[in-house]
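Read-outs throughout are calculated quantities, based only on the coordinates presented, and are distinct from any laboratory measurement. Quantities reported herein were computed from a predicted structural model and do not represent experimental measurements. All Cβ positions, even for glycine, are placed from backbone atoms using ideal geometry, and neighbour counts span all protein chains on display.
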Amino acid sequence: MNTFKYMMITLLSFGLFPQPSFSNNLLLPSIQEAYANPKNEGVLFSNYYILIDIGHGNIEALSMTIPQGFGVINGISVIDQDGNKVEMSYTIDNHLIRLSFNKLLHKENLKIVFKSVKYSNINTRSWLFHLSARLRGRSDFIPFGTARVNIYS
């Protein structure tokens, strides 16, 4: 089941199929950009950034799968569109990261920062992160895209 779910997320995020409408009034976030800094091949520690447009949805939490061999050394932070740090907590369980926000997020652009990332597979040139959001009043996470971070020049 999980393989099918992630395969569909990947196909949807690359635009091969149109995004399904889950409900008439349900507005999901969208991924604007994903990048590493520095993104040179030989660098062992980089910061990874994923920029998300929240749109009009009310976000309680975000969930993302991380690839095997990916490790965050100095934590994760979230920054809003004004450059302020967003209060949140996170858990890392095997290959799943959950970000829980202390206040409801709406109408903001967010930047998720993975600080000083170390990865074990030096030959990997890009990473895929499958993202899901839990909206206010819902108990499940709804997938909304896949962020691709390239680490080569």
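Based on Cα atoms of the stretch 29-150, Rg over Rh with Rh as the Kirkwood radius reads 0.95. Give me the aspartates and glutamates in straight-line cross-link reach of residue 103: C-alpha distance below 20 Å, same-chain residues under 8 apart excluded. Straight-line reach from residue 103, under 20 Å: 53, 60, 80, 82, 87, 140. The length gained on full extension between residue 115 and residue 96, counted as 0.36 nm times the residue separation minus their Cα-Cα distance, comes to 5.2 nm.
A cut-off of 5 Å between modelled amide H atoms, ignoring neighbours fewer than 5 places along the same chain, links residue 88 with 102. With R₀ fixed at 30 Å, the C-beta to C-beta distance from residue 37 to residue 3 puts the FRET efficiency at about 0.40. Computing FRET efficiency as 1/(1 + (r/R0)^6) for residue 138 and residue 87, where r is the C-beta to C-beta distance and R0 is 30 Å, gives about 0.90. Taking the number of Cβ atoms within 10 Å of each Cβ as an exposure proxy, the fewest-first ranking of 27, 110 is 27, 110. Counting neighbouring Cβ atoms within 10 Å and putting the fewest first, the residues 60, 108, 33 line up as 33, 108, 60. Taking amide H atoms as placed 1.01 Å from N in the peptide plane, the amide H of residue 145 lies under 5 Å from those of 131, each 5 or more residues away in sequence or on another chain.
Computed extension gain for residue 27 through residue 103, at 0.36 nm per residue and net of the alpha carbon distance, reaches 25.5 nm.
Amide H contacts of residue 58 (H built 1.01 Å from N, in plane; Pro and chain starts excluded): 136 sit under 5 Å, all sequence-distant by 5 or more or on other chains.
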